[in-house]
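One structure is given here, and the rest of the page talks about it.
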Amino acid sequence: MRIRAAAPAELPLLQDIERAAGEPFRTLGMAAIADDDPLPLDVLESYRRAGRAWVAVDAADRPVAYLLTDTVDGSAHIEQVSVHPDAARRGVGRALIEHLAAAAGEQGLAALTLTTFTEVPWNAPYYARLGFRPLADSDPALTEGLRAISRAEAAHGLSVWPRVCMRREVRHTLPDQGTPEAREVRQVRQGG
């Protein structure tokens, strides 16, 4: 699996990935999430142009997943990470997040943050396995920027289902070189 910057011609594919990744929400009674439109092409282009849109590609160099990021209060905030169901359960999402963690470490950012559904197995429980922790309302790490994102999501109707802000500290050095995580980070950095 290789991770690289998204290309302009691939932006419609990112929308297709988002639509496909939303379909499993139907099985949880969250059809509104499955039916939600993906980000418009002009918004995706603004992420791409700013260098904040990465894709994971298959052997034919075709995107199977993508990640969009913003900087929020000194942290790399995961705006969107989506994996096509055909590529799910292969570490693709994890590789994109580790790619972001490496980039955030190089930029001197403190953490990775995100907002997600608490009761969706491939959301909060998955991110917890990747080292993210939930932020309680009283947690000082729950910054004003994250609170604003949560309010905007609630206004969009996402608060119908329980949601949480999560945070993972950025390691500025690689983990022990023999761990699977270190091998994965090296592989992502080397484009392999």
- prompt: Per-residue HN-Hα couplings for the range 72-87, Karplus 6.51 cos²θ - 1.76 cosθ + 1.60 at θ = phi - 60°, whole Hz, x for Gly and Pro?
  reply: 10, 6, x, 10, 7, 9, 7, 6, 7, 9, 9, 10, 4, x, 5, 10
message: Going by average Cβ density within 10 Å per residue, which order do the peptides 135-141, 18-24 take, highest to lowest?
response: 18-24, 135-141
task: Tally up the carbon and sulfur contribution to the accessible surface of the chain as a whole percent, 1.4 Å probe, everything protein left in place.
output: 53
field: Net charge dipole size for the range 23-81 [Lys, Arg +1 and Asp, Glu -1 on Cβ; Debye, nearest 20]
entry: 180
statement: Dividing the alpha-carbon radius of gyration of the chain by 2.2 N^0.38 Å, where N counts its residues, gives 0.98
field: Ratio Rg/Rh [Cα only; Rh per Kirkwood] for the range 41-137
entry: 0.96
- request: Subtracting the Cα-Cα distance from 0.36 nm times the residue separation, let me have the gained length for R26 to R90 in nm, one decimal.
  value: 20.8 nm
query: How much accessible area per residue does the range 2-62 have, in Å², with a 1.4 Å probe?
result: 52
message: Quick check for me: using +1 on Lys/Arg Cβ and -1 on Asp/Glu Cβ, what's the dipole size of the range 32-139 about its Cα centre, in debye to the nearest 20?
response: 460
- prompt: Using 15 Å as the cut-off for backbone N distance, which residues of the range 93-117 belong to the label zone defined by a point 7 Å from the Cα of E169 along Cα→Cβ?
  reply: 105, 109-113
query: What does the charge dipole of the range 76-168 about its Cα centre add up to, to the nearest 20 debye, if the Cβ of each Lys and Arg holds +1 and the Cβ of each Asp and Glu holds -1?
result: 240
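The values are calculated or read from the model by the stated rules, or taken from the named source; none is laboratory data. Treat the numbers as computed from the prediction; the structure is a model and nothing was measured. In this analysis, Cβ positions are derived from the backbone assuming ideal geometry, glycine residues included, and neighbour counts consider all displayed protein chains. Areas reflect the complete protein model, heavy atoms only, side chains present, ligands, DNA and RNA absent. Shrake-Rupley method; radii C 1.70, N 1.55, O 1.52, S 1.80 Å.
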